[in-house]
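**Q** Structure below; questions to follow.
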Amino acid sequence: MTIGAGDFELTMEELRVVARYVTESAQEVLPVFEEALPGDPRPRAAIDAAWEFVNGAPRSKLQRVTALDAHRAAKEAGTESACLAARTAGDAAAAAYLHPIAKATQVGHILRGPASAARIAELNAADDPDVGDKFIEQARRRATPVLIDVLTRYPLSPPGKSRVAHLMSALDASLRGFR
């Protein structure tokens, strides 16, 4: 099955590969959010919905709703780390709906989660950029050939001023050079 009219096609299997990549990052940083807001289940629900899709369930309203809920939780988080962790969970659930359109903004749906995890690691290490760079290298090694193939259908990630945007651009360049 291919996904919708766009600039190219994406298969469900390709979407599952992308969702797995983002969900692995989200799973890794979920404790950061849960320590900051222990009573808020929204990011965990988004990750659970993402894993359901990754493991073969059809994409559904569940991924859309939990993604939006996790992004709302991110807006309510009191720290940069908790915000990034919740947003990464939302991105994991939303990855099931990656659009097959050649716009640089779509790259964020693939790479923002790992870049956010790298930023969280930096923050936890007294804002040490070397720690973030090491996380980006780990994310590069975790990328499968299918993920890289999907990524290269899109333009380069958009430049940005935030540290997450810089980390995302570094990961993007690394993966495209890795191919």
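The values are calculated or read from the model by the stated rules, or taken from the named source; none is laboratory data. Computed from a predicted structure; not experimentally measured. Don't worry about glycine lacking a Cβ; one is built from the backbone with ideal geometry, like all the others, and counts go over all protein chains shown.
**Q** Tell me, yes or no, whether the stretch 106-119 has at least one residue that is among the basic types (Lys, Arg), under 24 Å from ASP7 (Cα atoms) and in a helix (DSSP H, G or I).
**A** Looking for residues that are among the basic types (Lys, Arg), under 24 Å from ASP7 (Cα atoms) and in a helix (DSSP H, G or I), one finds at least one in the stretch 106-119, hence yes.
**Q** Still on this structure: Mind telling me which of the residues ALA70, ALA89 ends up being surrounded by 21 or more Cβ atoms within 10 Å (Cβ to Cβ) and without any contact (Cβ under 8 Å) to a residue 40 or more places away in the chain?
**A** Values: ALA89 fails: without any contact (Cβ under 8 Å) to a residue 40 or more places away in the chain.
Of the residues listed, the single one that is surrounded by 21 or more Cβ atoms within 10 Å (Cβ to Cβ) and without any contact (Cβ under 8 Å) to a residue 40 or more places away in the chain is ALA70.
**Q** I'd like to check something: does the stretch 29-44 contain any residue that is within 17 Å of the chain's Cα centre (by Cα), in a helix (DSSP H, G or I), modelled with pLDDT of 95 or more and small (Gly, Ala, Ser)?
**A** Of the stretch 29-44, the ones within 17 Å of the chain's Cα centre (by Cα) are 29-33, 42-44.
Subsequent filtering for residues that are in a helix (DSSP H, G or I) retains 29-33, 42-44.
Then drop every residue that is not modelled with pLDDT of 95 or more, which leaves 29-33, 42-44.
With the extra rule that they be small (Gly, Ala, Ser), the set shrinks to none.
No, the conditions are met nowhere in the stretch 29-44.
**Q** Quick check on SER174: is it part of a helix (DSSP H, G or I), over 15 Å from the mean Cα position of the chain (by Cα) and of a type in the set (S, T, N, Q)?
**A** Yes; evaluated as a whole, the condition is true for this residue.
**Q** Mind checking which residues of the stretch 55-92 are in a helix (DSSP H, G or I), basic (Lys, Arg) and out of contact with any Ser or Thr (no Cβ under 9 Å at 6 or more places or on another chain)?
**A** LYS61, ARG64, ARG72, LYS75
**Q** Here's another thing I want to ask about it. Please specify each residue of the stretch 93-105 satisfying the condition of being within 20 Å of ASP48 (Cα to Cα) and part of a helix (DSSP H, G or I). Walk me through it before giving the result.
**A** To start, the set of residues in the stretch 93-105 that are within 20 Å of ASP48 (Cα to Cα) comprises 93-98.
Scanning the stretch 93-105 gives ALA93, ALA94, ALA95, ALA96, TYR97.
**Q** Something else now. Can you tell me which residue in the stretch 117-145 is surrounded by the fewest Cβ atoms within 10 Å (Cβ to Cβ), limited to those that are among the acidic types (Asp, Glu) and farther than 18 Å from CYS83 by Cα? Step through it out loud before you land on a result.
**A** Step one: of the stretch 117-145, the residues among the acidic types (Asp, Glu) are 122, 127-128, 130, 133, 137.
Then drop every residue that is not farther than 18 Å from CYS83 by Cα, which leaves 128, 130, 133, 137.
Working: ASP128: 13, ASP130: 9, ASP133: 15, GLU137: 14.
So, considering only residues that are among the acidic types (Asp, Glu) and farther than 18 Å from CYS83 by Cα, the one surrounded by the fewest Cβ atoms within 10 Å (Cβ to Cβ) is ASP130.
**Q** Take GLY78 and decide whether it is surrounded by fewer than 17 Cβ atoms within 10 Å (Cβ to Cβ) and free of Cβ contacts under 8 Å to residues at least 24 places away in the same chain.
**A** Taking the combined requirement at face value, the residue does not satisfy it.
**Q** Filter the stretch 146-164 down to residues that are over 27 Å from THR11 (Cα atoms) and small (Gly, Ala, Ser) and give me whichever is surrounded by the most Cβ atoms within 10 Å (Cβ to Cβ).
**A** GLY160
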